[in-house]
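The values are calculated or read from the model by the stated rules, or taken from the named source; none is laboratory data. Bear in mind that the values here come from a model prediction, so they are computed numbers and not experimental data. Counting neighbours? That spans all protein chains shown, and the Cβs are built from the backbone with ideal geometry, glycine included.
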Amino acid sequence: MENLTVRVFRSIEHLDMLRVQWEELLAKYPQGSMFSTWEWLTTWWRAFGADQQLHVLAFEDSSSQLVGLVPLSLITRKFLGKRWKILQLMGDGSGDSDNLDLVVASGYAPAVVGSLLAYLEDHSDLWDFCELNTIPMGSSSAKILVTSLVERKWNHAFAETPCCQISLPNDWDTYFKQLSSTMRKNFKYHLRRLEKRPNFRIYRCSHENELLQFLPALFELHQKRWRANGDPGSFGSDKRRGFYQQLSSLLLNRSWLEFWILEIGGKPIAADYGFRYNSVVYALQAGFDPSEHADSPGFCLKGVMLKALIESGVQKYDFLAGFGQNKAQWNAQPSHYQHVHFARRRSLGGIYLRTRYQLKSAKEWLRERLPVGLWKLLHRCNAFISVSAK
């Protein structure tokens, strides 16, 4: 296994200098996604990273070529009366990032993972516990990391959460036939109804002036939809709105933005926001006017958009986290993200890991066996105790 040099980046300004090499490396990583790009992660950090410490590890070979990038950040969390130092993947924590990963050039995963664990061993005072979340199941780097943790007998725990994607064929007719007959019938019916309304229009945002106009529309439509269900919605946060505004300009300049609008009479009534990286489009946010529910504008916008994406050569549409009927109806297939949590052998972090997961298992055991009323009572008591202890 080749010995690699490790460079540490602790400020976003220094990390910006790595942009060209970062992009070249990501192009060599088969599982690379938008969520590992310089554009996504540095913009995310400027919006949400104020309470974290940056700790990005860059791995170089003997010719000073960047062959691995592990973008980490350090947070603290109080548990069992102690503040623990936890390393996590940069981008984690706000609920906006999926598909976070270790970015590694082909053939270098064993060397990068070995160097990463050696670095963590040598800098044991830096961290207590490592929490790598929402790694895609196909990550070659994560697979080797898991094997290495087992071989070294480090304390570790693995978990999964659902996600789903659509594998798109080369033409719309083939894809449309994969949908249920009810789905096809409903799509045609509602689209015809919308097309008969005055000044019906569906289009992709492609200019900065459109972006300035329609991002506020996305925020409002999304909020309307969730408020109607009694939920505060994602865009009640100033930080998140600012993040989307900064990110959207960067993605638009690179032709990566997939932001679609459905208008009636010059007024947006549905919006679908995502982005394209290579041949994959990721669905991030959507919204529609609840008062227009009868005509299913969000549903129709999704179908028209998918048709256009197929015709432009997109091979996969990634719904990201979660799997439900609203995604399954588009022929989305379920998959999982993996969460890899670990700590060194015979360390306080190992105690944290074991205790946390033992408590989690005990909680799940109780939930399965206690009567619903008693479980709710215990849950309320625990919430009261937690609040009182703060």
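I'd like to check something: does the stretch 164-173 contain any residue that is under 25 Å from the mean Cα position of the chain (by Cα), among the small types (Gly, Ala, Ser) and surrounded by 15 or more Cβ atoms within 10 Å (Cβ to Cβ)? So far as the stretch 164-173 goes, no, none of its residues is under 25 Å from the mean Cα position of the chain (by Cα), among the small types (Gly, Ala, Ser) and surrounded by 15 or more Cβ atoms within 10 Å (Cβ to Cβ). Leu179 - would you say it is touching a helix residue (DSSP H, G or I) at 6+ places or on another chain (Cβ under 9 Å) and surrounded by fewer than 20 Cβ atoms within 10 Å (Cβ to Cβ)? Criteria met by Leu179.
Residues of the stretch 245-283 that are in contact (Cβ under 8 Å) with a residue 40 or more places away in the chain and hydroxyl-bearing (Ser, Thr, Tyr): Ser249, Tyr273, Tyr277, Tyr282. When Ser237 is tested against (1) in contact (Cβ under 8 Å) with a residue 24 or more places away in the chain; (2) among the polar types (S, T, N, Q); (3) out of contact with any Ser or Thr (no Cβ under 8 Å at 6 or more places or on another chain), just one condition goes unmet, and that condition is (1). Residues in the stretch 184-232 that are more than 29 Å from Trp256 (Cα to Cα) and of a type in the set (A, V, I, L, M, F, W, C): Ala228 only.
So, in the stretch 1-26, of the ones that are without any contact (Cβ under 8 Å) to a residue 12 or more places away in the chain and not β-branched (Val, Ile, Thr), which residue ends up surrounded by the fewest Cβ atoms within 10 Å (Cβ to Cβ)? Once the filter is applied, the top-ranked residue is Glu13. Considering the stretch 197-226, and only residues there that are more than 17 Å from Gly287 (Cα to Cα) and in contact (Cβ under 8 Å) with a residue 60 or more places away in the chain, the residue that is surrounded by the most Cβ atoms within 10 Å (Cβ to Cβ) turns out to be Phe200. Of the residues making up the stretch 299-341, those that are in a helix (DSSP H, G or I) and among the small types (Gly, Ala, Ser) are Gly303, Ala308, Ala328. Of the residues in the stretch 100-116, how many are among the polar types (S, T, N, Q), modelled with pLDDT of 95 or more and in a loop (DSSP other than H, G, I, E, B)? Of the residues in the stretch 100-116, 0 are among the polar types (S, T, N, Q), modelled with pLDDT of 95 or more and in a loop (DSSP other than H, G, I, E, B). Taken over the stretch 98-134, the criterion of being in contact with a Cys (Cβ under 9 Å, 6 or more places away or on another chain) and of a type in the set (D, E, K, R) is satisfied by Asp98 alone.
For (1) within 13 Å of Leu87 (Cβ to Cβ); (2) aliphatic (A, V, I, L, M); (3) within 22 Å of the chain's Cα centre (by Cα), each residue gets a yes or a no:
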site: Val104; (1), (2), (3): no, yes, yes
site: Leu120; (1), (2), (3): yes, yes, no
site: Leu126; (1), (2), (3): yes, yes, no
site: Phe129; (1), (2), (3): yes, no, yes
site: Thr134; (1), (2), (3): no, no, yes
site: Ser139; (1), (2), (3): no, no, yes
site: Ala142; (1), (2), (3): no, yes, yes
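A single entry from Phe319, Phe288 fulfils the requirement of being in contact with a strand residue (DSSP E or B) (Cβ under 8 Å, 6 or more places away or on another chain) and assigned by TED's automatic domain parsing to the domain that holds Lys224: Phe288.
Since Ala294 meets every condition but one in (1) in the same structural domain as Leu211 (by TED's automatic domain parsing); (2) farther than 18 Å from Gln31 by Cα; (3) modelled with pLDDT of 95 or more, which condition does it not meet? Of everything listed in (1) in the same structural domain as Leu211 (by TED's automatic domain parsing); (2) farther than 18 Å from Gln31 by Cα; (3) modelled with pLDDT of 95 or more, Ala294 misses just condition (3). For the stretch 27-38, the tally of residues that are surrounded by fewer than 22 Cβ atoms within 10 Å (Cβ to Cβ) and of a type outside the set (Gly, Ala, Ser) stands at 4.
Any residue that is at pLDDT below 90 and among the basic types (Lys, Arg) - is there at least one of those in the stretch 184-202? The answer is no, given that none of the residues of the stretch 184-202 is at pLDDT below 90 and among the basic types (Lys, Arg).
Taking the stretch 69-99 as the search range and keeping residues that are assigned to a strand (DSSP E or B) and hydroxyl-bearing (Ser, Thr, Tyr), which one is surrounded by the most Cβ atoms within 10 Å (Cβ to Cβ)?
Keep residues of the stretch 69-99 that are assigned to a strand (DSSP E or B), which gives 69-79, 82-89.
After this cut, where a residue has to be hydroxyl-bearing (Ser, Thr, Tyr) as well, the list is 73, 76.
Values: Ser73: 22, Thr76: 13.
By that ranking, first place goes to Ser73.
Examine the stretch 107-126 for a residue that is aromatic (Phe, Trp, Tyr) and under 30 Å from Ala308 (Cβ atoms), and state whether such a residue exists. No, there is no match, as no residue in the stretch 107-126 is aromatic (Phe, Trp, Tyr) and under 30 Å from Ala308 (Cβ atoms).
Highlighted here are the helices (runs of 4 or more DSSP H) found entirely within the stretch 10-68 that include at least 3 residues which are modelled with pLDDT of 95 or more: 19-27, 38-48.
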